[in-house]
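Please read the structure below before turning to the comments.
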Amino acid sequence: MSTTQPKFDDASMQWIPPALLVDAVVDGQARQLSVGGLECVVGGHENDDEWVSWIEYRQGESVVHRSVRMHLKKGLLAEGAAASFA
Amino acid sequence: LANSQAMCTSFKTELLNGIHAFGTSVVRAGTGADTFKAALFVTTASLGAGTTAYSSTNEVTNGSGTGYTAGGATVTNATAPTSSGTTAYWTPSASLQWTSFTSAAAFDAVLIYNSTQSNKAVSVHTFGSQSITAGTFTLTMPTNDSSNALLRIA
């Protein structure tokens, strides 16, 4: 993965931010910004179906980078039953 | 001993392996596993049990860059279907991931479909609405067992 992308570390269950630059979109244009000039916010939630962690880089009110790690806890169940002749 | 009514567990696994054909429309080119793909869909889409095949309508698009390709990503399928107890199951053997991706709109569903068999739909999995900006979206799979696997027939 690019060194300008945050990486989610499965062992520590934490984001590892890029060291210097992060991929960003500003006014619809892709560019790389210095992480030092941005606010980094990490969050997430968990419920019965999923576990989510996200990391955002903000420039003022604008989110210029957002990555998400989504874990699906459970898939789909189809129940098959055999009809009785009784 | 007594007889007990049941759908045979081996049959459930064999369904996942394409062994049985009750209809006459199945045409298989070989004995290898099919190629399955995963595509993301925006929150305004209406995928569900009635979805029969992949369509790009309401699929996620790039708001910037080229991080997402229409049709989605190929599902890694290194673990054959199996069973435990009376449940047959299968799960992709690796996470799905899109990098350097900016979603043009929020999305909340992934469609698994069979690109070998005319893009026929397999399953729709929903999750909390997400948007990605110049980032990475990783979708990790549930534990591949009879209680949690992505696809289970019990």
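The values are calculated or read from the model by the stated rules, or taken from the named source; none is laboratory data. Note that the structure is predicted; figures quoted are calculated from it, not measured. Cβ placement follows ideal geometry from the backbone for every residue including glycine, while neighbour counts extend to all protein chains displayed. In case anyone asks, the SASA skips ligands and DNA or RNA and just uses the protein heavy atoms, side chains included. Shrake-Rupley method; radii C 1.70, N 1.55, O 1.52, S 1.80 Å.
For the residues B:102, B:86, B:79, B:138, the requirement of being on the phi < 0 side of the Ramachandran plot, within 11 Å of another protein chain (Cβ to nearest Cβ), surrounded by fewer than 22 Cβ atoms within 10 Å (Cβ to Cβ) and out of contact with any helix residue (DSSP H, G or I) (no Cβ under 8 Å at 6 or more places or on another chain) singles out B:138.
So which residues in region A:44-86 are among the small types (Gly, Ala, Ser), more than 7 Å from chain B (Cβ to nearest Cβ) and closer than 30 Å to residue B:13 by Cα, if there are any at all?
A:83, A:86
Going through (1) outside any strand (DSSP E or B); (2) of a type outside the set (S, T, N, Q); (3) over 24 Å from residue B:128 (Cβ atoms) one by one, residue A:31 falls short only on (1). It is to be established whether one or more residues within region B:20-43 are away from chain A (no Cβ under 14 Å), assigned to a loop (DSSP other than H, G, I, E, B) and aromatic (Phe, Trp, Tyr). Within region B:20-43, not a single residue is away from chain A (no Cβ under 14 Å), assigned to a loop (DSSP other than H, G, I, E, B) and aromatic (Phe, Trp, Tyr). Looking across region B:8-19 at every residue that is at pLDDT 80 or above and assigned to a loop (DSSP other than H, G, I, E, B), the one that is least open to solvent (accessible area, probe 1.4 Å) is identified as B:18.
Name the residues in region A:61-81 that are farther than 30 Å from residue B:7 by Cα and either in contact with an Asp or Glu (Cβ under 7 Å, 6 or more places away or on another chain) or open to solvent by 60 Å² or more (accessible area, probe 1.4 Å) (or both), would you?
A:61, A:62, A:63, A:65, A:66, A:70, A:71, listed by residue number.
Total residues in region A:9-29 satisfying the condition of being in contact (Cβ under 8 Å) with a residue 12 or more places away in the chain and either aliphatic (A, V, I, L, M) or at the interface with chain B (Cβ under 7 Å from one of its Cβ atoms) (or both): the figure is 9.
The residues of region B:109-126 that are assigned to a strand (DSSP E or B) and either buried (at least 18 other Cβ atoms within 10 Å of the Cβ) or among the polar types (S, T, N, Q) (or both), listed by number, are B:109, B:110, B:111, B:112, B:113, B:114, B:121, B:122, B:123, B:124, B:125, B:126.
Filtering region B:44-80 to residues that are aliphatic (A, V, I, L, M) and assigned to a loop (DSSP other than H, G, I, E, B) leaves B:45, B:47, B:49, B:60, B:70, B:75, B:78, B:80. Out of curiosity, is residue B:2 within 30 Å of residue B:85 (Cβ to Cβ), among the aliphatic types (A, V, I, L, M), open to solvent by 60 Å² or more (accessible area, probe 1.4 Å) and more than 16 Å from the chain's Cα centre (by Cα)? When the stated conditions are applied, residue B:2 passes them. With respect to the conditions (1) assigned to a strand (DSSP E or B); (2) closer than 30 Å to residue B:154 by Cβ; (3) out of contact with any Gly (no Cβ under 7 Å at 6 or more places or on another chain), residue A:52 lacks only one, and its number is (3). Against the definition (surrounded by 14 or more Cβ atoms within 10 Å (Cβ to Cβ), in contact (Cβ under 8 Å) with a residue 24 or more places away in the chain and assigned to a strand (DSSP E or B)), how does residue A:5 come out, yes or no? The answer is no for residue A:5.
Can you tell me which residues in region A:30-43 are within 11 Å of another protein chain (Cβ to nearest Cβ) and more than 20 Å from residue B:98 (Cβ to Cβ)? Within region A:30-43, just A:33 meets the criteria. Specify the residue that is farthest from residue B:95 (Cα to Cα); the eligible residues are those in region B:141-154 that are within 7 Å of another protein chain (Cβ to nearest Cβ) and assigned to a loop (DSSP other than H, G, I, E, B). Residue satisfying both the conditions and the ranking: B:154.
If you go through region B:58-73 and pick out every residue that is β-branched (Val, Ile, Thr), surrounded by 14 or more Cβ atoms within 10 Å (Cβ to Cβ) and free of Cβ contacts under 8 Å to residues at least 40 places away in the same chain, you end up with 0.
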